[in-house]
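The values are calculated or read from the model by the stated rules, or taken from the named source; none is laboratory data. Just so it is clear, the structure is predicted and the values come from calculations on it, not from any experiment. Reconstructed Cβ throughout: ideal geometry from the backbone, glycine too, with neighbour counts over all protein chains shown. Surface accessibility is based on the protein's heavy atoms, side chains included, excluding ligands, DNA and RNA. Shrake-Rupley method; radii C 1.70, N 1.55, O 1.52, S 1.80 Å.
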Amino acid sequence: MKTNKAKIINDPVYGFITLDHELLYDIVSHRYFQRLLRIKQLGMSYIVYPGAMHSRFLHALGTMFLMKKAIGVLRAKGVAITDDEAVAAEAAILLHDIGHGPFSHALERFFIGGVSHETLSERFMERINHELGGRLDMAIAIFKGTYEKRFLHQLVSSQLDMDRLDYLSRDSFFAGVSEGIVGTERIINMLNVYGDNLVVDEKGIYSIEKFIISRRLMYWQVYLHKTVIAADEVMRSLLQRAKLLAEQGRALACSENMLFFLSNSVSVNDLYSDAKVLDRFALLDDSDVISAAKMWMTNDDFVLSRLAEMLINRVLPCIEVRSEPFGDGAMERYRRLFEQKYHVSSAESEYFVRSGRLQNHAYDFQDQEIEILFKNGSCKGISEASDQLDHRFLEKTVTKYYICYPKEFRGGG
């Protein structure tokens with residue numbers, strides 16, 4: 001029976017995105033990939049930017065679209081890329097974020113202890129590859145960086161990959177901010193390969209400078225916005241409390257799969273020893289967390305019910321951010337105030353008074369530098385080639401510290 005596996009998807013950022021190969025269609029149709037429709041790209045950012053409701057599914061399609069364009073540019077410049085390699089690279093970038101769980105980075109490593117979404121992505125790819133009869137072998141090799149053409153991996157994961165180019169443009173579009181708008185098309189048109197490494201033609205240097213600065217600005221403006229951080233803290237506190245209660249055997253109203261991860265300590269070894277663990281994780285998405293929070297609003301545990309009310313009704317804590325760490329005294333003062341007013345223990349007050357740090361570094365010298373290819377055939381890292389971005393600016397990591405506490409205690413009570 002003949003089937004039509006060439007599909008066109010309408011994307012609000014790029015227009016029409018085409019699935020023009022059977023393998024790409026089969027990936028997008030897979031139940032593991034379809035779950036990305038139910039996971040927000042920016043987690044709790046919609047608390048601040050109501051338009052930021054776009055999904056990981058849409059981001060993945062966008063990266064595939066950019067990969068297709070990048071491969072076309074490189075081929076036009078004489079870089080040898082076979083049809084099989086092109087499809088494999090598109091498949092690799094399509095699957096690069098498939099391991100994200102509910103609310104993306106906000107709950108990273110929570111459900112499966114210490115396991116990053118990159119590790120989960122690799123495990124998902126292996127399972128899909130098994131079901132597809134090994135058709136993802138080359139894509140997985142490109143994703144892991146073991147394929148012979150290194151530049152293909154760099155298109156998937158590097159300091160100038162299709163992932164970053166898409167999320168800056170896409171997140172800016174949906175959040176309604178201008179900080180992340182970069183010359184994506186020009187950057188892609190300036191891509192080249194030199195010594196098996198992905199490089200940028202000299203004419204693209206100013207676009208790369210703007211790309212690096214825009215990424216730094218987007219972190220402060222959107223990704224590390226202090227109100228988003230406050231919302232993240234409430235959600236993490238809520239789930240940590242739920243997990244403690246579940247492990248104690250307390251009855252909790254939530255989905256069966258969510259209860260499994262709350263009641264058990266699941267490790268990376270379980271991903272490989274028990275196939276059902278990955279299937280359970282694949283059935284978790286944002287709706288599990290929100291539905292559970294709504295039900296927990298009436299739970300008889302004070303901590304759980306109050307945190308659930310805070311999350312659902314957007315009663316977020318006050319958050320202070322500064323350049324120097326907060327002393328232990330500040331934490332203790334707010335916790336004592338909470339304990340005295342609500343007659344709870346010191347362990348319980350810790351769910352409501354939280355601290356942490358924010359780090360923003362747009363460039364990583366431990367990774368391979370973005371390299372600029374000059375007309376004379378020489379190649380230099382952006383830190384040496386740029387007039388605007390010297391080594392000192394690029395390597396600077398800005399660290400800020402924050403404390404969250406209930407707004408009723410603003411000013412010390």
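Brief remarks follow.
- Meets criteria (closer than 30 Å to Phe57 by Cα and aliphatic (A, V, I, L, M)) for Val321: no
- Here is the figure for segment 365-413: residues that are among the small types (Gly, Ala, Ser) and at negative phi total 5.
- Top-ranked residue of segment 347-374 - restricted to ones that are open to solvent by 70 Å² or more (accessible area, probe 1.4 Å) and outside any strand (DSSP E or B), ranked as modelled with the highest pLDDT: Glu350
- The requirement of being crowded, with 18+ Cβ neighbours inside 10 Å and out of contact with any strand residue (DSSP E or B) (no Cβ under 8 Å at 6 or more places or on another chain) is not satisfied by Asp196.
- In the condition set (1) under 24 Å from Thr184 (Cα atoms); (2) modelled with pLDDT of 95 or more; (3) of a type outside the set (A, V, I, L, M, F, W, C), Asp20 is compliant with all but (2).
- When Pro325 is tested against (1) modelled with pLDDT of 95 or more; (2) open to solvent by 60 Å² or more (accessible area, probe 1.4 Å); (3) touching a strand residue (DSSP E or B) at 6+ places or on another chain (Cβ under 9 Å), exactly one condition is not met: (1).
- Any pair with Cβ under 6 angstrom, 6 or more apart, that starts in segment 308-320 at a residue that is under 21 Å from Leu358 (Cβ atoms) and among the hydrophobic types (A, V, I, L, M, F, W, C) and ends at one that is at pLDDT 95 or above and not in a helix (DSSP H, G or I): Cys318/Tyr405; Ile319/Tyr402; Ile319/Cys404
- Of the helices (runs of 4 or more DSSP H) that lie entirely inside segment 209-320, those containing 2 or more residues that are at pLDDT 95 or above and farther than 30 Å from Ser169 by Cα span 226-247, 256-263, 275-282, 286-296, 302-312.
- Condition met for Ile98 (of a type in the set (Val, Ile, Thr), open to solvent by less than 10 Å² (accessible area, probe 1.4 Å) and out of contact with any strand residue (DSSP E or B) (no Cβ under 9 Å at 6 or more places or on another chain)): yes
- Hey, Ala91 small (Gly, Ala, Ser), open to solvent by 10 Å² or more (accessible area, probe 1.4 Å) and farther than 21 Å from Gly15 by Cβ or not: no
- Any pair with Cβ under 8 angstrom, 6 or more apart, that starts in segment 137-165 at a residue that is basic (Lys, Arg) and ends at one that is assigned to a loop (DSSP other than H, G, I, E, B): Lys149/Ile81; Lys149/Asp196; Arg150/Asp196
- Residues satisfying the stated conditions in segment 27-63, i.e. open to solvent by less than 30 Å² (accessible area, probe 1.4 Å) and polar (S, T, N, Q): Gln41, Ser45, Ser55, Thr63
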